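S.K.: Here it is: the structure, laid out below.
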Amino acid sequence: MSEAVGELRLVEQAFARPTLRLLNGKWAPVQVSVLRLAFDRDRRSIPTDRFHADVDEILAILRGVGVETPGGTGRELSRRWMASKWLVRLNADDGSGEVYELTSYALEALELVQSLSSDRPLLTESRLAAIIDVVRRQAIEATPDAHGRVERLNTQIAELEAERDRLLEGGEPEPASFDRMMEGYANLVDLISQLPSDFKRVEEAVRGHRDSLLAEFRSETRPLGLVIDEYLVRHDDLRATPEGKAFDGAFSLLRDEVMLSQLKRDLDVIASHSFTEALTADEVRAFRGTVKMVRRSLEDVLDQRSRIAKTLRDHLVNHDAVKERELSDTLARLNGVLAEWIRRTSTRARTDVGLLPEAVDTLPHVRERFYDPGDHVAPEGLDETAADAGVALTLEEILRQGGPLLARLAEQLSTAGASVNTAGARFAAFPDDLRRPVEVLGVLHLLSKIGALEAAEDRESVLTVRSDGTERLLRIPAVTITDAHVDLLAALELT
């Protein structure tokens, strides 16, 4: 009876984990599909706004084909998934804002779905060979006496030497069949796919350690020394956990650059085999990028460790030790006064002690600035610069340097002789002070205002006169001024 109840409690705890909660429920297929589409091995963090838009787009596509989806926008669903511990929101490493990342629970769920959705045999020769190889190595390490270990090593060496001698004598290497390579690849991918969630669990444990350390520093309820002592204890406890032990062992192995380089070359050799023609380009790329994935996961964990050290260092540097000493001195003096008061009074004596100072109602005005005689010194007199001034211009000369005289131009275009029909011909009859090059722009502006430029079919030349008497020939649209145009020009309101 007790055994059945205990087993039920274990299963209930397993189903209460976020991993199985993601895979259980009405919206589980939709939620897993969205997370698989949004994240992959190369895209492990997504800016929050981008992720909200991606979720909205994916759900819109599913709804468009009649799939029932959970209600809410991408932002609202993201908040629910964070509360369910499937997503975590962090600050981007480059300081560009906040990003979403999958938690270790979500990674485990996606790996399980990936393994169940792939058509691979559960029992293969490659998997059995890998198990036998691991058992053999473990048996050698577990052999208690030196003689037994030497015998096992000699057997292994003899097998390797026999294969080497066969090849040196001209023997052909046994070719690897398509099925054998595919089985080995499936076995490797199964093992490699478990690495991201393993690293993520260690990263989350270190991040949680840092968050608790920050909370202790901010609360200031305990002396700094106690907080640091607890940090060191937690650090040792973290390394004693299964995740911490596994990471320390993996870190010792993965910091060997020679081994990682050899691993990358071995992966490239496997990916160059002809069996990869049956794989997709994404599968081959992910397989070749295993070392890159491992390096990046390792760097994420080390970055969290570095942040803990930086948090501790910054708090130690910025901690106000003087303030703490002043408070200790004040409390010591209060303790001395209290001891003296107890010595002079009876045991039942009482006194009122104000815990907080009284509020200050009003304060006298305090001068913020003192008198400065320099504030009342008159400024220095201005220098006379009339001799340096240029020749003064008259109003007429200033006007000749300005823009077109639209009012006069409209009057001249409207009152010119009837025998002169085009705007260019009428311009030629204007006074010299109204035939500046800028006046041509004024004429074109007026013709545009009355809609006369659209009827121009040719161009005509006009001779302009600058203010200094020089001339310039310009070409303008040949527009015939009609009586209707004259009426429109007269009706324009110009200043």
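Taken together, the values in this text are just the output of simple stated rules run on the coordinates, not laboratory data. Since the model is a prediction, treat every value here as computed from it, not as a measurement. Reconstructed Cβ throughout: ideal geometry from the backbone, glycine too, with neighbour counts over all protein chains shown.
S.K.: With label points built 7 Å along Cα→Cβ from the Cα atoms of Leu399 and Glu358, find their separation and express it in nm.
M.R.: Result for the modelled spin labels: 8.1 nm.
S.K.: Now for a separate question. Order the peptides 387-397, 262-272, 52-62 from the highest to the lowest mean number of other Cβ atoms within 10 Å of their residues.
M.R.: Ranked from most to least packed, the peptides come out as 52-62, 262-272, 387-397.
S.K.: Report the gain in length on full extension from Leu153 to Leu494: 0.36 nm times residue separation, minus Cα-Cα distance, nm rounded to one decimal.
M.R.: Result: 112.0 nm gained on full extension.
S.K.: When ranked by the protection proxy of mean other Cβ atoms within 10 Å per residue, highest first, what sequence do the peptides 17-24, 158-165 form?
M.R.: 17-24, 158-165
S.K.: While we're looking at this one, here's another question. Taking 0.36 nm per residue of separation and subtracting the Cα-Cα distance, what length does fully extending Asp40 through Ala349 add?
M.R.: 103.8 nm
S.K.: Please give the net charge around Ala109, taking every other residue with its beta carbon less than 14 angstrom from that of Ala109, where Lys and Arg add +1 and Asp and Glu add -1.
M.R.: Its environment carries a net charge of +4.
S.K.: Starting from the Cα of Glu257, step 7 Å along the direction of its Cβ; do the same at Leu474; then give the gap between the two resulting points in nm.
M.R.: With each label placed 7 Å out from Cα toward Cβ, I get 7.2 nm.
S.K.: Classify the stretch 436-495: rounded, prolate or oblate, from the alpha-carbon gyration tensor (a ≥ b ≥ c, eigenvalue square roots; a/c under 1.5 rounded; otherwise prolate if a/b is larger than b/c)?
M.R.: oblate
S.K.: Another question, then. Given points 7 Å out from each Cα along the Cα-Cβ axis, report the Ala53 to Lys26 separation in nanometres with one decimal.
M.R.: Each label point is offset 7 Å from its Cα along the Cβ direction, giving 3.1 nm.
S.K.: Right, another one. Give me the net charge of Gly442's neighbourhood, meaning all other residues with Cβ under 14 Å from the Cβ of Gly442; Lys, Arg count +1, Asp, Glu -1.
M.R.: My count for the surroundings of Gly442 gives +3.
S.K.: On to the next question. Peptides 364-376, 435-447, 334-346: what's the order by average Cβ count within 10 Å, highest mean first?
M.R.: 435-447, 334-346, 364-376
S.K.: Around Ile481, which amide H atoms from residues at least 5 apart in sequence, or from another chain, sit under 5 Å from its own amide H, with H modelled in the peptide plane?
M.R.: Here the answer is Thr422, Ala423, since their amide H atoms fall under 5 Å of that of Ile481.
S.K.: For Arg63, project a label point 7 Å along Cα to C-beta. Then give me every residue of the stretch 18-47 with its amide nitrogen under 16 Å of that point.
M.R.: What the label zone holds, given the 16 Å backbone N cut-off, is 30-31, 34.
S.K.: Grab the beta carbon distance between Asp268 and Leu8, set R0 = 56 Å, and tell me the FRET efficiency rounded to 0.05.
M.R.: With a Förster radius of 56 Å, E is 0.70.
S.K.: Can you give the FRET efficiency to the nearest 0.05 for Val391 and Leu453, using r as the Cβ-Cβ distance and R₀ = 45 Å?
M.R.: Computed FRET efficiency for Val391 and Leu453 comes out at 0.65.
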